[in-house]
Amino acid sequence: MVGLNKVFREEKKFLINVDEFLEKSHMLSQVMSEDIHNGARGYVIRSLYFDTIYDRDYFEKISGIETRRKIRLRIYDSDSHFAKLEMKQKQGAYQLKRSLQISREEATALTKGDYSPLLHYKEPFAAECYALMNTRCYRPKTIVQYHRKAFIAKENKIRITFDSNIVATESNFDLFAPHLNMNPVLDKFNVVMEVKFNGFL
């Protein structure tokens, strides 16, 4: 198993249209390195988000609370043998993202409300998630899926991503299902561009 991964950076999101995406994607391909998983359409990301029974994390986000968090499981293929348990914490202008790779079976247990597999890990992050998700009654809330195309500047680790075909479901939490009945979140002609950087652009 891969150990804990930690990233601390600023993230800026912009809503653009498909024409802008194609233009900017072509431009960036001339000056930045493409993510090795890109392919022609990018790669698929599927995330299951947890929240408290009263949707505390969601309401803190829309209220603009400066220090807040979100917890999710993330996969890149429904046939994957593992998932990433991630916690993103907003701290002023910065985001702290911690992620821990767990097995497919353990991830499935978490989606069913059984967080005990986290006690088997030596990383304090796993114990932190276990305590938080139990004491605040976290439960699966939604699955979100989209195609991502990413570009990286190796010199300073700036990462620019484009997310399209964003769909979601709140009725099925089978993270590894090959096919899920999902509904569009944005107009299909909209793309979310995100710039991720640490300290400068």
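Tabulated results
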| item | result |
| --- | --- |
| Sorted largest first, extent of the chain alpha carbons per principal axis (Å) | 47, 38, 37 |
| Anchor residue 154: aspartates and glutamates whose Cα lies under 13 Å away (excluding residues fewer than 8 positions away in-chain) | 34, 35 |
| Simple label model, 7 Å out from Cα along Cβ direction - residue 195 to residue 26, nm | 2.2 |
| Amide proton proximity set for residue 69, modelled H, under 5 Å, gap of 5+ | 90 |
| Of 123, 106, 155, the one that fluctuates the most in a GNM where the chain has Cα springs shorter than 10 Å | 155 |
| Relative packing of 112-120, 124-132, which averages over residues the other C-beta atoms within 10 Å, highest first | 124-132, 112-120 |
| Cα-centre dipole for the range 61-107 with unit charges at Cβ (Lys and Arg positive, Asp and Glu negative), debye to 20 | 360 |
| Dipole in debye (nearest 20) - the range 73-133, about Cα centre, beta carbon charges: Lys, Arg +1; Asp, Glu -1 | 300 |
| The chain, accessible surface, carbon-and-sulfur percent (1.4 angstrom probe) | 53 |
| Amide N of the range 78-99 lying under 18 Å from the label point, which is placed 7 angstrom from the Cα of residue 66 along Cα→Cβ | 89-96 |
| GNM result for the chain, Cα springs below 10 Å: residue of 33, 164, 78 fluctuating most strongly | 33 |
| Overall form of the range 86-201 per C-alpha gyration tensor (a/c, 1.5; a/b vs b/c) | oblate |
| For the range 1-116: span of alpha carbons on each principal axis (Å, largest first) | 47, 37, 24 |
| Full-stretch length increase - residue 153, residue 185 - with 0.36 nm per residue and alpha-carbon distance subtracted | 8.6 nm |
| Under Karplus coefficients 6.51, -1.76 and 1.60, residue-wise ³J(HN,Hα) of the range 56-61 in Hz, glycine/proline x | 4, 5, 4, 5, 5, 5 |
| GNM result for the chain, Cα springs below 10 Å: residue of 135, 169, 67 fluctuating most strongly | 135 |
| Of 175, 45, 129, farthest towards positive along the dipole that unit charges on Lys, Arg, Asp, Glu beta carbons give the chain | 129 |
| Only Lys, Arg (+1) and Asp, Glu (-1) charged, at Cβ; the range 23-118 dipole about Cα centre in debye | 260 |
| Accessible area expressed per residue, the range 1-119, with surrounding protein chains retained (probe 1.4 Å, Å²) | 57 |
| Relative contact order for the chain, counting Cα pairs under 8 Å that sit 6 or more residues apart, in percent | 30 |
| Tally of Lys pairs whose C-alpha atoms are under 17 Å apart, taken over the range 67-140, 8 or more apart or cross-chain | 8 |
| Qualifying trypsin sites (Lys or Arg not before Pro) for the range 5-48 [loop in DSSP, other Cβ within 10 Å: at most 13] | 41 |
| Those GluC sites (Glu not before Pro) in the range 58-96 that DSSP places in a loop and that have at most 13 other beta carbons within 10 Å | 66 |
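The values are calculated or read from the model by the stated rules, or taken from the named source; none is laboratory data. As the structure is a computational prediction, the values presented were derived from the model and not from experiment. In this analysis, Cβ positions are derived from the backbone assuming ideal geometry, glycine residues included, and neighbour counts consider all displayed protein chains. For the accessible areas, the whole protein counts, side chains as well, though only heavy atoms, and no ligand, DNA or RNA atoms are used. Shrake-Rupley method; radii C 1.70, N 1.55, O 1.52, S 1.80 Å.
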